[in-house]
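The values are calculated or read from the model by the stated rules, or taken from the named source; none is laboratory data. Please read all numbers here as calculations on a predicted model, not as lab measurements. Positions of Cβ are generated from backbone atoms using ideal geometry, with glycine treated the same way; all protein chains shown enter the neighbour counts. Areas reflect the complete protein model, heavy atoms only, side chains present, ligands, DNA and RNA absent. Shrake-Rupley method; radii C 1.70, N 1.55, O 1.52, S 1.80 Å.
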Amino acid sequence: SRTKRLGMMLNSCTGQNLALIDVKGFNPRDITVTVKDGKVTVSAERKVECNTGCSKTSNYKKFVKEFCLPPGVCDKEVTYSV
């Protein structure tokens, strides 16, 4: 199957772009964003299992990116889109 390239853009209410994060290989429902105490954490997990009758394979992928908000940007101002 083809893997889609997804990008996640984090913005503040002031219109300031904070980050563009490549979340290639994950569906939007696999991605979690938390903003707490001036830190943004973007995480994603997925597990794909394939049964061929004779064998079973699993593929597990995890991604975590964490960074601090710039000065002057508060937690409640951060929005994101995938």
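The figures follow:
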{"read-out": "Lone qualifier among VAL82, VAL40, VAL48, VAL78 - being of a type in the set (Val, Ile, Thr), at pLDDT 85 or above and either on the phi < 0 side of the Ramachandran plot or in contact with a Cys (Cβ under 8 Å, 6 or more places away or on another chain) (or both)", "value": "VAL40"}
{"read-out": "Every pair of residues 6+ apart whose Cβ atoms lie under 7 Å, when the first sits in region 44-70 and is closer than 25 Å to THR34 by Cα while the second is of a type in the set (Gly, Ala, Ser) and assigned to a loop (DSSP other than H, G, I, E, B)", "value": "LYS61/GLY25; CYS68/GLY38; LEU69/GLY38"}
{"read-out": "Selected residue (criterion: most open to solvent (accessible area, probe 1.4 Å)) from residues of region 57-77 that are in a strand (DSSP E or B) and more than 22 Å from ASN27 (Cβ to Cβ)", "value": "CYS68"}
